[in-house]
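Below: the structure, in structure tokens.
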Amino acid sequence: MGNLRAIGAAVTAGALAACTPLGAQQPEGGQQSVTGPAGAIYVDDGGGKDGLPVLFLHAFAGDSSQWDDQLSHLRHHRRAIAIDLRGHGKSAAPKDGDYRVESFVQDVEAVVSKLELSRFVLVGHSLGGAVAIKYAGSHPDRVAGLVVVGAPGRMPAEQSRQVMAAIESDYDATMKGYWEKLLTGAQPRVHTQILERMGSVQREPALAIMKALFADDPLPALDHYNGPKLIVYTASGDTPADLQNARPDVPNARIEGTSHWPQLDKPGVFNQVLDEFLAKVK
């Protein structure tokens, strides 16, 4: 597929087209609840019949609404689904505090089974990207294409220990600095939206999720999945450990001038990148 780093005038023109104010088709399944291993999983399901369905997974402390622009865009033609991950949004929190990446994957498995998705494109952002990679590695025949956005790479063990030590010693101050760094370049409305949700995941679940992400190595699953894949990243996620640098042979797209949430800051540009990928997935 080749790298998609150059997002210039052609993409900008396509982005304008991606924002056409057409009415999306009515939901196929609508807003509903699916029973997963940890309890109820909120699902927003709808759209047309053309093309493969697309399933979206959001970031830490987010919810399915972070994909609203993409759902509206895709539902003009194809089925598009977003869920709230366990302990987020309207989905139940696990009573046993289990936030392992593998457990998030089990929730995705429950949704896929209930909605009878035989093949679909999987899109995950940040935490959702880690879950998407793990799911695709375990179910390569179901995943027709994989898009990961700002997904964490494999952080060196000593560095992850230092980060966790800082968070545990002064949770509020360290997390505030973490959020502000990720929000560099955010549109004002996105900055407000993300900060309003910053505390939606309490301290203990947040620590459990971060420990799980640091313990997870996404590279074996990413390597195992041989289908079409795309890594989307921003300036906030371009270290040697990040996926596009750890696996430079995987097609990637850098979206400039955004925070860690490019789908919120520049939805038109993001939708154009996504459309180009979907056009090549069969």
- Query: Within the range 79-100, which residues are without any contact (Cβ under 8 Å) to a residue 40 or more places away in the chain and closer than 12 Å to Phe60 by Cβ?
  - Reply: none
- Among residues of the range 65-113, those that are closer than 27 Å to Asp275 by Cα and polar (S, T, N, Q), counted: 5
- For Asp84, which of the numbered conditions (1) farther than 23 Å from Leu243 by Cα; (2) at pLDDT 95 or above; (3) out of contact with any Phe, Trp or Tyr (no Cβ under 9 Å at 6 or more places or on another chain); (4) not hydrophobic (A, V, I, L, M, F, W, C) fails to hold? (3)
- Identify, from the list Asp96, Asp107, the residue that is in a loop (DSSP other than H, G, I, E, B), within 17 Å of Ala212 (Cα to Cα), modelled with pLDDT of 95 or more and not hydroxyl-bearing (Ser, Thr, Tyr). Asp96
- Note on the structure: With the first residue restricted to the range 141-169 and required to be of a type in the set (Lys, Arg), and the second required to be assigned to a helix (DSSP H, G or I), Cβ contacts under 8 Å at 6 or more apart or on different chains are Arg142/Val112; Arg154/Leu219; Arg154/Ala246
- Message: Out of the residues in the range 134-156 meeting the condition of being out of contact with any Gly (no Cβ under 7 Å at 6 or more places or on another chain) and under 23 Å from Ala235 (Cα atoms), tell me which one is surrounded by the fewest Cβ atoms within 10 Å (Cβ to Cβ).
- Response: Pro156
- Across (1) modelled with pLDDT under 95; (2) farther than 15 Å from Val121 by Cβ, Lys282 clears everything bar (2)
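Please verify whether Ala132 is in a helix (DSSP H, G or I) and touching a residue at least 40 places away in the same chain (Cβ under 8 Å), treating the condition exactly as stated. Write out each step before concluding.
Working: in a helix (DSSP H, G or I): yes; touching a residue at least 40 places away in the same chain (Cβ under 8 Å): yes.
Yes.
I'd like the full set of residues that are free of Cβ contacts under 8 Å to residues at least 24 places away in the same chain and of a type in the set (Asp, Glu), limited to the range 232-282.
In the first step, residues of the range 232-282 are kept if they are free of Cβ contacts under 8 Å to residues at least 24 places away in the same chain; the result is 238, 240, 244, 248-249, 279.
Matches in the range 232-282: Asp238, Asp249.
Determine, yes or no, whether Thr184 is in a loop (DSSP other than H, G, I, E, B), of a type outside the set (Phe, Trp, Tyr) and surrounded by fewer than 21 Cβ atoms within 10 Å (Cβ to Cβ). Show your work before the answer.
Numbers: in a loop (DSSP other than H, G, I, E, B): yes; of a type outside the set (Phe, Trp, Tyr): yes; surrounded by fewer than 21 Cβ atoms within 10 Å (Cβ to Cβ): yes.
Spelling it out, Thr184 is indeed in a loop (DSSP other than H, G, I, E, B), of a type outside the set (Phe, Trp, Tyr) and surrounded by fewer than 21 Cβ atoms within 10 Å (Cβ to Cβ).
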- Message: Quick check on the range 84-104. Is at least one of its residues surrounded by 23 or more Cβ atoms within 10 Å (Cβ to Cβ), farther than 21 Å from Ala151 by Cβ and touching a Gly at 6+ places or on another chain (Cβ under 8 Å)?
- Response: no
- Could you list, in sequence order, all residues of the range 206-249 that are among the basic types (Lys, Arg) and surrounded by 20 or more Cβ atoms within 10 Å (Cβ to Cβ)? Lys229
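Identify, please: which residue in the range 101-125 is among the small types (Gly, Ala, Ser) and in contact (Cβ under 8 Å) with a residue 12 or more places away in the chain and is, among those, farthest from Trp261 (Cα to Cα)? Before you say what the answer is, go through the steps one by one.
Within the range 101-125, the first condition is being among the small types (Gly, Ala, Ser), and the residues that meet it are 103, 110, 113, 118, 124.
Restricting the remaining residues to those that are in contact (Cβ under 8 Å) with a residue 12 or more places away in the chain gives 103, 110, 118, 124.
Numbers: Ser103: 24, Ala110: 27, Ser118: 29, Gly124: 12 Å.
Per the criteria, the residue is Ser118.
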- State whether the residues of the range 49-58 include one that is surrounded by fewer than 17 Cβ atoms within 10 Å (Cβ to Cβ) and either of a type in the set (Val, Ile, Thr) or at pLDDT below 95 (or both). yes
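The values are calculated or read from the model by the stated rules, or taken from the named source; none is laboratory data. In this text the structure is predicted, and so the values were computed from the model without any measurement. Every residue, glycine among them, receives a Cβ derived from its backbone with ideal geometry; neighbour counts consider all protein chains shown.
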